[in-house]
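See structure below.
The values are calculated or read from the model by the stated rules, or taken from the named source; none is laboratory data. Worth saying up front: this structure is predicted, and the values here are computed from it rather than measured. Here Cβ is always computed from backbone atoms with ideal geometry, including for glycine, and neighbour counts include all displayed protein chains. Protein only, heavy atoms only, side chains kept; ligands, DNA and RNA dropped before computing areas. Shrake-Rupley method; radii C 1.70, N 1.55, O 1.52, S 1.80 Å.
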Amino acid sequence: MHIAFIGLGNMGAPMARNLLKAGHALTVFDLNAQAVADLRDAGAASAASARAAAAEADFVITMLPAAAHVRSAYLGSDGVLAGVRAGVPLVDSSTIDPATIRELAKTAAAQGNPMADAPVSGGTGGAQAGTLTFMVGAEAALFEQIKPVLAGMGRNVVHCGGTGTGQVAKICNNLILGISMVGVAEAMALGEKLGIDPKVLAGIVNTSTGRCWASDTCNPFPGVIETAPAGRGYSGGFGAALMLKDLGLAADAARSVGQPLFLGAQAQQVYQSMTQLGEGALDFSGVIRQYRGKQA
Ligand code: NAD
């Protein structure tokens with residue numbers, strides 16, 4: 001299959017590499033020339049715009065930071081919809097709001113292109129290992145059509161329902177994740193202050209009812225989990241600014257249906273503070289520095 005892949009950041013680049021490994025032909029585009037050059041070295045062709053990349057493709061995937069980037073990559077004069085042939089399926093794997101993808105899918109359908117939302121979980125490690133979970137919002141026939149391609153980048157490809165429901169699943173998952181990371185950071189910092197060895201505390205939590213991904217895989221306390229971003233200065237994970245964005249998506253979505261978010265709103269403020277202090281590019285587990293200071 002000839003795939004256009006647009007957005008070669010922390011997630012998109014390893015996902016694109018896995019598609020090459022799966023035997024697909026790729027044409028890539030990113031605003032960052034170095035990201036494009038790296039993929040070219042790995043065997044992809046490159047194009048000068050999203051429009052040009054899509055024009056050659058039988059399948060289009062985008063992996064971009066936020067809704068504004070997705071809108072511009074599809075609707076801009078050099079965007080996907082200006083170049084793509086009718087009938088080619090479009091898949092956006094960015095985390096954005098359900099309303100934007102529903103609106104984009106309507107516009108794409110009007111020119112004959114079916115469009116799905118397929119946000120992912122699993123982080124940069126999952127993107128590299130090809131073990132992501134894809135949460136897909138699409139009509140059933142489109143889901144069956146795109147599933148084999150997504151399976152080349154992930155272990156679980158789940159049909160969540162119609163367009164936009166993939167984003168609903170993703171937003172709700174990240175609401176839990178954002179809150180639980182603050183909870184684990186708060187408890188680990190308190191335990192340290194009260195005199196328990198953080199490794200012992202984490203060991204107890206991870207065999208007790210406090211266990212969660214934030215405690216047993218991405219523990220924010222340095223040295224507790226060797227492979228966690230905390231062990232490498234909070235680099236190379238899921239940026240706090242992206243978590244802040246996702247909690248904002250949850251807040252907007254909750255407002256649109258009149259639903260309260262007591263803890264989501266508080267967690268949003270904690271990541272807002274971290275970002276305001278210039279730490280938005282750190283992994284979101286660096287939120288523990290709000291409790292321990294920069295020593296963490
Ligand atoms: P990133 O910032 O590392 O990469 C985004 C890439 O998009 C950059 O290379 C940027 O140059 C490119 N870009 C921006 N606008 C563009 C445009 N108009 N045309 C072409 N390229 C453009 O972000 P990321 O970490 O790869 O995340 C991508 C998406 O995946 C986000 O929505 C994020 O919330 C979501 N996500 C991230 C993770 C993670 O762990 N990083 C996990 C799950 C989901």
So, first residue touching a residue at least 24 places away in the same chain (Cβ under 8 Å) in the stretch 68-95, second residue among the β-branched types (Val, Ile, Thr) and part of a loop (DSSP other than H, G, I, E, B), Cβ within less than 8 Å, six or more apart or across chains; the pairs are Val70/Ile96; Leu90/Val84
Checked the stretch 80-127 for anything of a type outside the set (Val, Ile, Thr), within 12 Å of the ligand (Cβ to nearest atom) and touching a Lys or Arg at 6+ places or on another chain (Cβ under 6 Å); matches are Pro119
Quick check, is Gly161 in contact (Cβ under 8 Å) with a residue 24 or more places away in the chain, within 14 Å of the ligand (Cβ to nearest atom) and on the phi > 0 side of the Ramachandran plot?
-> no
Taking the stretch 138-156 and keeping only residues that are more than 15 Å from the ligand (Cβ to nearest atom) and not in a loop (DSSP other than H, G, I, E, B), one is left with Ala140, Ala141, Leu142, Phe143, Glu144, Gln145, Ile146, Lys147, Pro148, Val149
Going through (1) outside the structural domain of Thr107 (by TED's automatic domain parsing); (2) not in a helix (DSSP H, G or I) one by one, Ala202 fails only at (2)
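Residue-by-condition table, conditions (1) more than 19 Å from Ser94 (Cβ to Cβ); (2) modelled with pLDDT under 95; (3) under 20 Å from the mean Cα position of the chain (by Cα); (4) more than 6 Å from the ligand (Cβ to nearest atom):
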site	(1), (2), (3), (4)
Ile6	no, no, yes, no
Ala16	no, no, yes, yes
His24	yes, no, no, yes
Leu31	no, no, yes, no
Leu39	no, no, yes, yes
Ala42	yes, no, no, yes
Inside the stretch 196-215, the number of residues satisfying the requirement of being of a type in the set (D, E, K, R) and either open to solvent by less than 50 Å² (accessible area, probe 1.4 Å) or free of Cβ contacts under 8 Å to residues at least 12 places away in the same chain (or both) is 2
In the set Ala251, Ala240, the lone residue that is surrounded by fewer than 21 Cβ atoms within 10 Å (Cβ to Cβ) and touching a helix residue (DSSP H, G or I) at 6+ places or on another chain (Cβ under 7 Å) is Ala251
message: under 24 Å from Gly87 (Cβ atoms), open to solvent by less than 50 Å² (accessible area, probe 1.4 Å) and touching a Lys or Arg at 6+ places or on another chain (Cβ under 9 Å): is that true of Gly130 in this structure?
response: no
(1) assigned to a loop (DSSP other than H, G, I, E, B); (2) open to solvent by 20 Å² or more (accessible area, probe 1.4 Å); (3) under 30 Å from Ile96 (Cβ atoms) all hold for Tyr234 apart from (2)
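Has the stretch 205-218 got at least one residue that is in contact with a Leu (Cβ under 6 Å, 6 or more places away or on another chain), away from the ligand (no atom under 15 Å from the Cβ) and more than 19 Å from Gly125 (Cβ to Cβ)? Show your work before the answer.
Narrowing the stretch 205-218 to residues in contact with a Leu (Cβ under 6 Å, 6 or more places away or on another chain): none.
No, the stretch 205-218 has no match at all.
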**Asked** Does Gly286 fit the bill of being part of a loop (DSSP other than H, G, I, E, B), under 20 Å from Phe221 (Cα atoms) and open to solvent by less than 40 Å² (accessible area, probe 1.4 Å)?
**Response** no
Exercise for review: Kindly establish whether Phe59 is more than 10 Å from the ligand (Cβ to nearest atom) and either touching a residue at least 12 places away in the same chain (Cβ under 8 Å) or within 23 Å of Leu142 (Cα to Cα) (or both).
Suggested key: yes
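Quick test for you: out of Val168, Val149, Val157, pick the one residue that is over 16 Å from Arg71 (Cα atoms) and open to solvent by less than 10 Å² (accessible area, probe 1.4 Å).
Val149
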